[in-house]
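No value in this document is a laboratory result; all are computed from the given coordinates. Here the structure is a predicted model, which is why all the values come from computation and not from measurement. Quick reminder, even Gly has a Cβ in these numbers, built from the backbone with ideal geometry, and neighbours come from all protein chains shown.
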Amino acid sequence: MTTPSLSSLIMAPINAVMRIIDAPLRRLQKATGIGGMAAFFLAPNMLIFGIFVLLPLVINFVYSMTGGTAFFLSERDFIGGAQYSRLFECQNYLDPMSCQEDAFWTAVGNTFWFVVLQVSLMILTALITALILNRELAARSFWRAVFFFPVLLSPVVVGLIWKWILQRQGLLNFGLYQFGMDPYTWLTDRDWTFAATIGVSIWAHMGFYALIILAGLQAIPKDLYEAAEMDGTRPARVFWRITLPLLAPNLLVVVVLALIKSVQVFDEIYVLTGGGPGTSTLFLTQYIYETGFASALRNPGLAAAASILMGTVLVVLTLIQLGIGKRGENKGKR
Amino acid sequence: MGNVARFILRRRGAHGSGKGWHWTDIFTWVWLIGGLIIMFGPAVWLMFSSLKTPAALAEFPPSILPYVTSQATVEGYDKPLMLYDAKMPDGSTRVLAEVRRIGLVAQMVDPKAPGDIVKVNINDRSPVRIMSFATNNYTEPFVHFDFLRYLWNSVFVTVVATVITLVVNSMAAFALSKYEFKGRSVAMLVILATLMVPLSVIMVPLYSIISTLGLFNSLWGVILPTVATPTGVFILRQYMLTIPDELLDAARMDKASEWQIYWRIVLPLTAPALAVLAIFSVVWRWNDFLWPLIVLSRRELYTLQVGLSIYSGELNVQWHFILAMTVVTMIPVVLVFIFLQRFITTGIAGTGLK
């Protein structure tokens, strides 16, 4: 009993520090009352929020109306909406080459098709996975873990794993070789690379959405299915008449969540393709990053303007999501 | 055994009409087995590849396991020679070292008796393959490159950011769940609103703020913007709301200060939620890429993720090192996955947040 446990050894110094902190805080409490202590507890978080989230958000609008390459706001000249009109100057929005900022419109086009294809295919596979995981399976938590595994991997690791598989001596070509086909350099082909970005990001994120859909499936009352079974309802009918309608609110939230994430796609694609070949996998976040920081023709104001346009899309999507959430809640109350 | 097999292979057909395999049973197992291969296969392939020598990595078709062609130093020759199983005209097989190749004929010597040269048709010989683990793929980046530094930077960022996240978020959650004050709902709304402000939207001005504060090229510049996570405040607040207020009132009767209440009563009771947030935070911060890429421009400050992406983007990619370091980067996350996966999946299913 005399040997102290490891946790008490760790906690002893922390407790001592907390006791020392306590004395001045008692005085603070006496001076401000309990309400003042609430402000004290809230302050550090709000301070960090304020400096690193809210302030940048506000500054961003000012930033997008300034020009030049300097980063400090005081050194930048006000140019009004010039950055926006530069972004929007275009003869035909469907043909990026006719625009002044062709890279921006290329990125917009790429991001649009990426979002449409990635989200629809990902939600479909996630739904199928969730439906399967919701069956009476042996070792269900093992199978759930299998599909969840890539979600935890870092985007850089994901990018590198697939870069290694898709390269010329990679596993994919090895597989084709086994079937007597010729190896191919996948990541130098525009269309195949674009398809690869979609496939890889589905691989990396699908498990997350499958998990949320699975939670939605498990929230559907079991007695509905029991009643359907007693009536001898065919499984397909059960799916269309019970599962899908009751899952719809959950599914809608998942779709919007996936849209929000998909619009911001960057990390794993940047590592996998670097935006190439050419600009075939250049997406919006990479355009903002390169315009703001990386390229020789650095233009932070333009990057800020582009990021505000992207932020507007995200806000609209989020409001839709909140709207759906509200409606779901009201339904629950009734 | 029969029972086990029946349990594992439980099917709709057997369950319902008893007519054997329904198509959904077949589909389920195809999907599960396919998923197992597709989800784990790439990572396993990466691990096997990371143990191969550069020569083995350049081979096509590749071997699954890290095989290399066996070599031997033979008396009278400066360089080590490749070993082959050569078929002799009399039908026997001998292990010979290849000296040189002229057209279709290989000149070979017996490593034990390097005197006379044996001529062998190249179709009659096959390389001697032995399994060999190129462990210096792992040791060399740590010794000759800065990867030990990157590893340390990543660990530092992850640990410090997680500790600050836990303290700052739990304090805010405590204030937002246990006190009635003016502006509480506004504070709550502001925090929730920041959920929809991703880094990609604010990175340009955030960079200028970081520079103004002198945090550019500093690990603190990576840490600070990430610690006030709205997700964390949200998870902890939901949990703290379930702690009865009577407990706090009783402590106040006993002259406990508010700080003591937070530290001695509320925090220990919030431990499960804190654990979930800690796991999330470790994974988030370990995996962070875009922001460190912007803030850190000096090589000795890179985190593992940034270092890996920079090295893999170079013209002459040294894949054998990159693959090994990718495995190292993956290890903590795989450990979290193996031991704590249950916490994370229930956490996500409960809050819908990642």
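Explain nothing, just the number: relative contact order of chain B, from Cα pairs under 8 Å at least 6 residues apart, as a whole percent.
Once normalised by length, the contact order is 18 percent.
Just want to confirm a number: the relative contact order over segment B:62-134, from Cα pairs under 8 angstrom separated by 6+ residues, in percent.
34
Can you list the HN-Hα couplings for segment A:270-275, worked out from phi with the Karplus curve (6.51, -1.76, 1.60; θ = phi - 60°), rounded to whole Hz and with x for Gly and Pro?
Values, residue by residue: 4, 6, 6, 10, x, x Hz.
List A:19, B:129 from most exposed to least, where exposure is judged by having the fewest other Cβ atoms within 10 Å.
A:19, B:129
Note down the nm distance, to one decimal, between modelled labels 7 Å out along Cα→Cβ at residue B:94 and at residue B:123.
A separation of 2.2 nm, rounded to one decimal place.
Go ahead and collect, in residue order, the members of segment B:169-204 whose backbone nitrogen is under 14 Å from a label point 7 Å along the Cα-Cβ direction of residue A:93.
Residues passing the 14 Å test: none.
Just to check, using Stokes-Einstein with a Kirkwood Rh over alpha carbon pairs, what's the diffusion coefficient of segment A:90-190 at 20 °C and 1.002 mPa s in µm²/s?
In µm²/s, the coefficient rounds to 123.
Based on the Cβ-Cβ distance from residue B:271 to residue A:100, what FRET efficiency comes out when R0 is 60 Å, to the nearest 0.05?
With R0 = 60 Å, the Cβ-Cβ based efficiency is 0.60.
Return, for the Cα atoms of the protein assembly as shown, the radius of gyration and Dmax in Å, separated by a comma.
29.8, 103
For segment A:245-316 and segment B:57-100, write down the distance between their C-alpha centroids in whole Å.
Taking the Cα centre of each part, segment A:245-316 and segment B:57-100 sit 51 Å apart.
Can you give the local net charge around residue B:134? Use residues other than it whose beta-carbon is closer than 15 angstrom to its beta-carbon, Lys and Arg +1, Asp and Glu -1.
0
Distance cut-off 25 Å, Cα to Cα: go down the list B:87/B:112; B:79/B:112; B:52/B:119; B:178/B:255; A:222/A:261; A:261/B:52 and report the pairs above it.
As for pairs spanning more than 25 Å Cα to Cα, those are B:52/B:119; A:222/A:261; A:261/B:52.
Need one number: nm distance between label points at residue B:104 and residue A:189, each 7 Å from Cα along Cα→Cβ, rounded to one decimal.
Here the modelled spin labels are 3.6 nm apart.
What Kirkwood radius, in Å to one decimal, follows from the Cα pairs of chain A?
About 24.6 Å for chain A.
Enter the mean number of other protein chain beta carbons within 10 Å of the beta carbon of each residue in B:331-337, as an integer.
3
Nearest 10 degrees is fine. How inclined is helix B:271-287 to the longest principal axis of chain B, computing both from alpha carbons?
50
In whole Å, what is the distance between the alpha-carbon centres of segment B:175-217 and segment A:132-164?
So the two Cα centres are separated by 32 Å.
Taking N as the number of residues in chain B, what is its alpha-carbon radius of gyration divided by 2.2 N^0.38 Å?
1.48
Can you tell me how much longer the chain between residue A:113 and residue A:26 gets when fully stretched, taken as 0.36 nm per residue apart minus their C-alpha distance, in nm with one decimal?
Answer, rounded to one decimal: 25.5 nm.
Using a Förster radius of 45 Å, what is the FRET efficiency between residue B:64 and residue B:241 based on their Cβ-Cβ separation? Nearest 0.05, please.
In this case the efficiency is close to 0.30.
Would you mind ranking B:207, A:63 so that the residue whose beta carbon has the fewest other beta carbons within 10 Å leads the list?
B:207, A:63
Taking Cα atoms of segment B:67-131, Rg/Rh with Kirkwood Rh, to two decimals?
With Rh from the inverse mean 1/r over Cα pairs, Rg/Rh is 0.94.
What list do you get for B:288, B:85 if you sort them by fewest beta carbons within 10 Å?
By the 10 Å Cβ count, ascending: B:85, B:288.
In whole Hz and in residue order, list the ³J(HN,Hα) couplings for segment B:323-331 that follow from phi through the Karplus curve 6.51 cos²θ - 1.76 cosθ + 1.60, θ = phi - 60°; x for Gly and Pro.
Computed from phi, the couplings for segment B:323-331 are 4, 5, 6, 4, 4, 4, 5, 7, 3 Hz.
Would you mind telling me which residue in B:139, B:194, B:303 has the biggest mean-square fluctuation in a Gaussian network model of chain B, where springs connect alpha carbons within a distance under 10 angstrom?
B:194
Scan around residue B:134 for amide H atoms under 5 Å from its own, H built in the peptide plane at 1.01 Å from N, and keep only partners 5 or more places away or cross-chain.
Under 5 Å from the amide H of residue B:134: B:52, B:53.
Using helices alone, what [θ] at 222 nm do you get for chain A, with -39,500 (n - 2.57) per DSSP H run of 4 or more residues, divided over all residues and rounded to the nearest 500?
-23500 deg cm²/dmol
Pop the C-beta distance of residue A:230 and residue B:346 into the FRET formula with R0 = 25 Å and round what comes out to the nearest 0.05.
0.20
For segment B:287-329, just the Cα atoms, rotate onto the principal axes and tell me the three extents in Å, largest first.
28, 21, 17
Let me have the relative contact order for chain A, percent, based on Cα pairs under 8 Å that are six or more residues apart.
After rounding, I find 23 percent.
Using θ = phi - 60° and the Karplus form 6.51 cos²θ - 1.76 cosθ + 1.60, what ³J(HN,Hα) does each residue of segment A:180-191 get, whole Hz, x for Gly and Pro?
Those phi angles translate into x, 9, 7, x, 9, 8, 4, 7, 10, 9, 4, 5 Hz.
In nm, give the distance between the simple-model label positions of residue B:36 and residue A:244, each being 7 Å from the Cα along the Cα-to-Cβ direction.
3.1
Starting from the Kirkwood radius over alpha-carbon pairs of segment A:6-63, derive D by Stokes-Einstein at 25 °C in a medium of 0.890 mPa s and give it in µm² s⁻¹.
The calculation lands on 172 µm²/s.
Determine the sum of side-chain charges near residue B:191: Lys and Arg each +1, Asp and Glu each -1, restricted to other residues whose C-beta is under 14 angstrom from that of residue B:191.
Computed value for this residue: +2.
With viscosity set to 1.567 mPa s and temperature to 4 °C, compute the Stokes-Einstein D of segment A:225-334, Rh being the Kirkwood radius across alpha carbon pairs; µm²/s, no decimals.
For the chosen part, D equals 74 µm²/s.
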